[in-house]
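Each remark here refers to the structure printed beneath this line.
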Amino acid sequence: MTATTKTRPPALLSFLLDFGPLLAFFLAYKFVGVFAGTAVFMAAILTALIVSMAKLGRVSPMLWISAVLVVGFGALTIWFRDPRFIQMKPTIIYAGFALLLFAGLAARKLLLKHVFGLAFEGLSDEGWMKLTRNWALFFAAMALLNEALRSYLSFDAWLTAKVWGITILSLLFAFANIPMLMRHGFSVADAKEEPPVPPLS
């Protein structure tokens, strides 16, 4: 009798779970406005949680955190009729991740390894430290960028930049780390999960 091994989740499904709610928000905003669009965003990310549990048997930590913040800040947006709340969500999630990862670096704790160990099987501790440093810097930069975008752009322009610009930038950054990871023991062929990307929703 052989042990059951964890299989790699379909890349397209993983991407849709992360990007789908944000795309639903973007489309709903274009057709029915910001407040109804925010309600659609909240419903879409809760649907993503259900689909993830049903199809993958689990929910990624980033999707959990994104869902909590989307529902929380979405409710504030609708209640106070103020779209600035939903615009603040990315800043808070990026800044929170940056602080957590910087704290892990200071304590020499491999926080990402505990969460994404299967995604980067074979990666050395030095590789984990470099990956943590890179993501901490990236999240800090994204928090600052989101604040700049929401301060100087209209809501429409901010949302367009968030959906297309920041999403593409995040994916490019995730894949740009792979050569460094491969120098520190990571093998794409041996990974049991798709390499994670930052929260897109």
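Values for this structure:
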quantity	calculated
Among [x] 19.6, 54; [y] 16.8, 56; [z] 17.5, 61, the entry that matches Rg and Dmax of the Cα atoms in Å as calculated here	[z]
Sorted by Cβ neighbour density within 10 Å, fewest at the top, the residues TYR29, TYR152	TYR152, TYR29
Cβ-defined net charge surrounding ALA36, 14 Å radius [Lys, Arg +1; Asp, Glu -1]	+2
Packing-based order for 14-23, 132-141, using average beta carbon neighbours within 10 Å, highest first	14-23, 132-141
Convex hull (Cα only) mean projected area of region 9-81, reported in nm² to one decimal	4.5
Relative contact order (%) - region 89-194, alpha-carbon pairs under 8 angstrom, separation at least six	44
The chain: relative contact order as a whole-number percent, Cα under 8 Å and 6+ apart	27
Using alpha-carbon coordinates, inclination of helix 11-32 to the longest axis of the chain, degrees	10
Per-residue [θ]222 nm for the chain (sum of -39500 (n - 2.57) over DSSP H runs n ≥ 4, rounded to 500)	-24000 deg cm²/dmol
Crossing angle, helix 61-80 versus the chain [Cα axis fit, 0-90 degrees, rounded to tens]	10
Acute angle (nearest 10 degrees) that the helix 167-176 long axis makes with the longest principal axis of the chain, alpha-carbon atoms	10
Prolate/oblate/rounded call for region 31-73, Cα gyration tensor, a/c under 1.5 rounded	oblate
Residues in region 88-127 that a label on VAL68 would reach, taking backbone N under 19 Å of a point 7 Å out along Cα→Cβ	88-104, 111-116
Region 9-81, relative contact order [Cα under 8 Å, separation at least 6], %	31
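A short reminder: the numbers here are calculations on the coordinates, not readings from a lab. Just so it is clear, the model here is predicted, and its values are computed rather than measured. Note that each Cβ is placed from the backbone with ideal geometry, even for glycine, and that neighbours are counted across all protein chains shown.
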